[in-house]
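Let me begin by presenting the structure, written as structure tokens, before commenting on it.
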Amino acid sequence: MLKSSLLEILRTFTKPELIKFGDFVRSPYFNKKENVTKLFLEIKKYAPEFSDENLAKEKIWVKVFPGKEYNYGIMKNLIHDLSKLSESFITNEYTKSQKLRNNTDLLAALLERHITKVFLSKYDIVEKSYDVLVFKNESFRINEFYDSMNKLNYLKAMYNKLYVPASAPFDSISESGIYFIYTVIVNSYKNYNNYLALNDKEIIDKDNINEMFMTGLNKYIITELLDKVKSKSGRDYLILKCFYEINVSLSSEADISDYFSFKKSLEDCTDILSKNDLRDLLTCLSNSLHNIREGKTNTGINSNKEMMEIYNMEIDNNVFLWQNGLMAQNAYMSYIITAFTLREYESIEKLRTKFRNKIPEDKRENVDLYCLAHISFGKKEFNKSLEYLSMIDHDFFNMKHLIKDIQMMNYYELSDYISFSYTLDSYRHFVSKNKSVKPHNKSLSEVFCSNINKLFKLRESFDLYELGKFRKEIEENKLINKYWILDKISEIESGNKKVKS
């Protein structure tokens, strides 16, 4: 039973959820089989891991049916019944969290049963609760709101048609249709963005239904429709415009102006949309920036600075964390790397102070050591930085090449060419053999190694012509820790000017 779907589900339950599930299993409405309840009570003893050997079917049988001979068929059916109850429980819990859907489902049920007085009372309450200009404090996404408004107006139209024919049900059905169209537009752009993100084909099939629909929407409908929406609702205009501009900024033809148009639209919506929508849209904004700068040496902007602005927008709008209050290791580290590249060392310290305890506990220590290594480097405490790096569990830490980057920078600052050379050989071996490092990153890492080696040589044997050529090469290309390298070039140049004078 240790590999059963039942235990796989139970392992996800929090302590309060396990208590609620116990009530669920004991309820005669959901379960009338006493032996299923007994089975759960025995299994529950091994929470939260549910990995004890005593969970073997034969051992659990003895507890549920003491003194009776083991029966495979009966045990199989009991486990199946409890599995179905666990599935029903998580379905119920998910449904209860869908506030908008629950409201319209209740109204639909009341109308179907012709409970008109209660329907009108509940309708008025729901309608007033939806009469808001912003959704910042709501958990639902905007497409869910539009879909609920579509259903709410449809139900009102059906009520009027059945019971108040003189009340012009056309107005309600017209509103229902408008919100249906808003729902389609938002969902279309969301789905198409996922389609683009997951598309692994080099050449896009223009005859694909997704492509045909989006081409028609963008070419013939959206511009005129947005103008009409603007005259009806400024809020909905800003929202729909923002989703349209996501699509434009993520297309293969997008340029930096499309990125900035989307960014401006998103800024206009930060006080309107819910946190869930903002989190998704800011991810799209960072994807747009990444796609536009990918493979380009010069986009006319400082893309690292732009990335920091996106991170800060996430922090300012309280969407930097996952919905469960924790944050991804990769997001935390990406912030560190971006701030470090920009030499914003104080930003790294602030990040650590505010979010260190939000990293999942099993990853926290290693990520924190990595963070402290960068902070120490910024304070010019290079030996201390190396000490923190040496304490990282390399078997656990899955981004070894990032550790090597800052190690080599520390060795350069300490003028320790021997340690640098040793690390360089180890680094090149790791990058060339490790399949998890993408080819693009391998190329960037190899160039970074070569650039630090050049810095060592220029510092040891200064050549003004070679220095100028090296500086131009760094300025014109997208490189790891580009600004640090340029600083070191300037230091070498300045040091040699002083020697000559």
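Any read-out appearing in this document is the output of simple, stated calculations on the displayed coordinates, not a laboratory observation. Everything quoted here is computed from the prediction, not taken from an experiment. All Cβ positions, even for glycine, are placed from backbone atoms using ideal geometry, and neighbour counts span all protein chains on display.
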Using 1/(1 + (r/R0)^6) with R0 = 25 angstrom and r between the beta carbons of Met391 and Thr353, what's the FRET efficiency to the nearest 0.05?
0.80
Just one of (1) 28.5, 92; (2) 22.8, 69; (3) 30.0, 99 is Rg and Dmax of the Cα atoms in Å calculated from these coordinates, so which is it?
(3)
Need one number: nm distance between label points at Ala56 and Thr270, each 7 Å from Cα along Cα→Cβ, rounded to one decimal.
6.0
Please list, or write none, the lysines whose alpha carbon is within less than 16 Å of the alpha carbon of Lys96, excluding same-chain residues fewer than 8 places away.
Lys20
Sites Asn312 and Lys38 - FRET efficiency at Förster radius 51 Å, r taken between beta-carbons, to 0.05:
0.40
What spacing in nm lies between the two simple spin-label points modelled at Asn71 and Val134, each 7 Å away from Cα in the Cβ direction?
6.4
Given the Cα-Cα distance of Asp255 and Ser121 and 0.36 nm per residue of separation, how much length would full extension add, in nm?
43.0 nm
Theoretical FRET efficiency, 1/(1+(r/R0)^6), r = Cβ-Cβ of Lys15 and Glu491, R0 60 Å, to 0.05:
0.60
For the chain, calculated [θ]222 nm from helices alone, where every DSSP H run of n ≥ 4 adds -39500 (n - 2.57):
-23500 deg cm²/dmol
Label points 7 Å out from Cα along the Cβ direction at Lys96 and Lys442: separation in nm?
5.2
Past 25 Å, Cα to Cα, is the threshold; run Lys190/Lys438; Lys156/Lys241; Lys228/Lys305; Lys99/Lys363; Lys38/Lys68 against it and keep the listed order.
Lys190/Lys438; Lys156/Lys241; Lys228/Lys305; Lys99/Lys363
Arrange Ile125, Ile336 by Cβ neighbour counts within 10 Å, fewest through most, would you?
Ile125, Ile336
Reachable aspartates and glutamates, given that their alpha-carbon falls under 20 Å from the alpha-carbon of Lys457 and they are not under 8 places away in the same chain:
Asp405, Glu413, Asp416, Asp425, Glu446, Glu466, Glu473, Glu475, Asp487, Glu491, Glu493
